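Report on the following structure.
Computed from the coordinates by the stated procedures, all read-outs in this text should not be read as laboratory data. Just so you know, these numbers come straight off a predicted model, no measurement behind them. Using ideal geometry, Cβ is built from the backbone for each residue, glycine included, and neighbour counts are taken over all protein chains shown.
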DNA sequence: TCTTATTTGTTCGTATGTATT
DNA sequence: GAATACATACGAACAAATAAG
């Protein structure tokens, strides 16, 4: 007996469109027929088509350009190897500047990184608390927009105590070979332990604009913290990544990693 | 009426409701006014209210029960410490049976785990490939529904080569103190290295039903793999977790973790 | 068990707003 | 400016799930 799940119409439409896309009916880069056309062709209202497209957007399968149309994305998921990406050998390979560069180049894509903010500021409360700073102590904020072959893929905001950043020469746009961690290591403040807290959440307005997301899509929020041998936190960084274009990879030995003295 | 809407109506409504909830107007466990009432009160159509509620659902702020109403959730985010949770001391603490038990108990919540499937099956293609098995070799599938104080929080499906599972005594419902890994260790097949690949995606129909999700919410999909000292994969597991109620925590030393010989 | 009221889910037709070509 | 395409919004209606009687 055919116990077909009685799905709603917009879901059936979404299933149909998804199949058409993955079966090559609408190849990557092509534009779907307009919502009005689809509504006519599939015998439903345009509102229903629109709702179905929302699902495909949330899946990262299409990108919608208002006034232009709905375009099929090429979705090559990027793998972020959290452990490897902070090893010095990786960071400095092929003259790459920091972890992200090396990571993207290995995929055959062209990394680009725009620094959109680089200045001393009063840290947000959560950051000040984590860094053990008072309200009036300043931090270097370093906010970057990052692209892989012109596709926005990462939004990184790091906070480093101002005094330390100045001594390490991190107040310039170019942090030199090996990036931030190599400069910190030269001062004897190189991190020996990292922690990351991973969430997924609705994008902020900023993120929505930068990534071209809809509010039914989500982003990974990764709070990355770098600890020295004396358990001092030297970097607090927040990365935002659209969930549909990343896979986060972690690995660790069964018994070796001890919990640090800080939470 | 003070128009100047930089945001769409449904977003303003969502913002308003969110504020009302976080400010205690609607405490956890309480039921919001019906959509019709809210529509009347806020001077918008019911469809607009409904759309606003979708946003709150995606954020995990409310749970919607058709026919009954919209209930405010108590949202205590659960922290999953991926590294610690596989250490033997943690798994066996307080007589807990495996990692999940210990994890939830530490939060003062009551863990419950229902085994909904436990039998030999032909593995899915991806699983067979990862485990290095042929098409006709069977695996033990072990599918569990897991709850924290009766709230569904985790859906775990593990695959273990059948011959190994039988020898290790893992074909029973109760795997004994320390759980699966302790049994494998007793055979000299204890894992010494773990890898996890983390994605976020739209829930399947199964997951939607189990967790009570809407399709605009997402789940973490964690593919967990356990490797022995001889780089043999002994367990392939897929965990599904609603993104809004979990934070994934990882930590590792700067230079110690080497990439395994397998991808 | 059946009936009815309540509440959310879905869909349509229609209209208007906004961005792009 | 005009045409095109997606975004939002409303009112109405019916479906489906739940609760109360």
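In nanometers and ordered shortest first, the copy-to-copy spacing of the residue A:229 label point, defined 7 Å from Cα toward Cβ, is 3.0. Computed over the range A:78-249, the quotient of the alpha carbon radius of gyration and 2.2 N^0.38 Å is 1.00. Over the C-alpha trace of the range A:9-72, radius of gyration and Dmax come out as 10.4, 26 angstrom. When each of the peptides B:15-25, B:44-54 is scored by the mean number of other C-beta atoms lying within 10 Å of its residues, the order from highest to lowest reads B:44-54, B:15-25. When A:235, B:59 are sorted by how many other C-beta atoms sit within 10 angstrom of their C-beta, beginning with the fewest, the order is B:59, A:235.
Rounded to the nearest 500 deg cm²/dmol, what is the calculated helix-only ellipticity per residue at 222 nm for chain A, with -39500 (n - 2.57) per DSSP H run of length n ≥ 4? Please report the intermediate quantities before stating the final value.
Details: 9 runs with 76 residues, N = 263.
That calculation yields -8000 deg cm²/dmol at 222 nm.
Distance between the pseudo-spin-label points of residue B:106 and residue A:247 (7 Å out from Cα toward the beta carbon): 2.8 nm.
Remark: label point of residue B:136 defined 7 Å out from Cα along the Cα-Cβ vector; separations to the same position in other copies 8.0 nm, ascending. Sorted from nearest, the other copies put their residue B:187 label points 5.3 nm away, the label point being 7 Å from Cα in the direction of Cβ.
If R0 is taken as 25 Å, the Cβ-Cβ distance between residue A:45 and residue B:23 corresponds to a FRET efficiency of 0.05. For the peptide B:195-208, the mean number of other protein chain Cβ atoms found within 10 angstrom of a residue's Cβ is 5.
Starting from the Kirkwood Rh over alpha-carbon pairs, what translational D in µm² s⁻¹ does the range A:102-159 have by Stokes-Einstein at 37 °C and 0.692 mPa s? Please list the in-between numbers first.
Values: Rh = 12.9 Å.
Approximately 255 µm²/s, per Stokes-Einstein.
Normalising the average separation of contacting C-alpha pairs (under 8 angstrom, six or more residues apart) by the number of residues puts the relative contact order of the range B:78-208 at 21 percent. The mean sequence separation of alpha-carbon pairs under 8 Å and at least six residues apart, normalised by the residue count of chain B, gives a relative contact order of 17 percent.
Taking a temperature of 25 °C and a viscosity of 0.890 mPa s, what whole-number D in µm²/s does Stokes-Einstein yield for the range A:6-149 with Rh from Kirkwood over alpha carbon pairs? If you can, show how the numbers build up before the last one.
On the way: Rh = 19.2 Å.
The estimated diffusion coefficient comes to 128 µm²/s.
Size descriptor for the protein assembly as shown, Kirkwood hydrodynamic radius: 25.4 Å (Cα pairs only, one decimal).
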